[in-house]
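K.L.:
Got a structure for you, written out below as structure tokens; questions coming shortly.
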Amino acid sequence: MGTLTIIVFAWILQTIVAAVPTALVVFFARRRVHWNAWELLAFFLPFLVWTLLMFSDLSTGRKSLANLTEAAGLGIAISAAAIVRAVYGSRLKEPRFAWVLIGVLCIVAAGLFFFVPALPE
């Protein structure tokens, strides 16, 4: 398996886990919260952070291919962030709150990398 194939597989795993719950939240909260197209960065920026860490020297000897399932955990975090945005988004400045949540997702991505041990293959 090539590196690009691994990255695409992990991103698809994350997106599948996050897409359905997030789409439902966006659909049902569309009158309460104003969603913007740039908020789709929540599917890319945290994954980019996680991917850069996975392919850095920090993962050498600490991670295995089985750790690609961490991307599913990131998908769950994206869905949770959408729920938080739907609940509190109309009470706060929406664009700023959305950026804060994307930043939190990036921190969660780094946390997944550092706190999930090497999984057996």
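The values are calculated or read from the model by the stated rules, or taken from the named source; none is laboratory data. The structure presented is a predicted model; accordingly, all values stated were derived computationally and were not measured. All Cβ positions, even for glycine, are placed from backbone atoms using ideal geometry, and neighbour counts span all protein chains on display. The accessibility values were calculated without ligands, DNA or RNA, using every heavy atom of the protein model including side chains. Shrake-Rupley method; radii C 1.70, N 1.55, O 1.52, S 1.80 Å.
K.L.:
Go through (1) open to solvent by less than 50 Å² (accessible area, probe 1.4 Å); (2) not in a helix (DSSP H, G or I) for Phe113 and report which single condition fails.
P.N.:
Of the numbered conditions (1) open to solvent by less than 50 Å² (accessible area, probe 1.4 Å); (2) not in a helix (DSSP H, G or I), the odd one out for Phe113 is (2).
K.L.:
Something else about it: So which of Arg32, Arg96, Arg91 ends up being exposed (fewer than 14 other Cβ atoms within 10 Å of the Cβ), of a type in the set (Lys, Arg) and assigned to a helix (DSSP H, G or I)?
P.N.:
None of the other options fit; the residue is Arg96.
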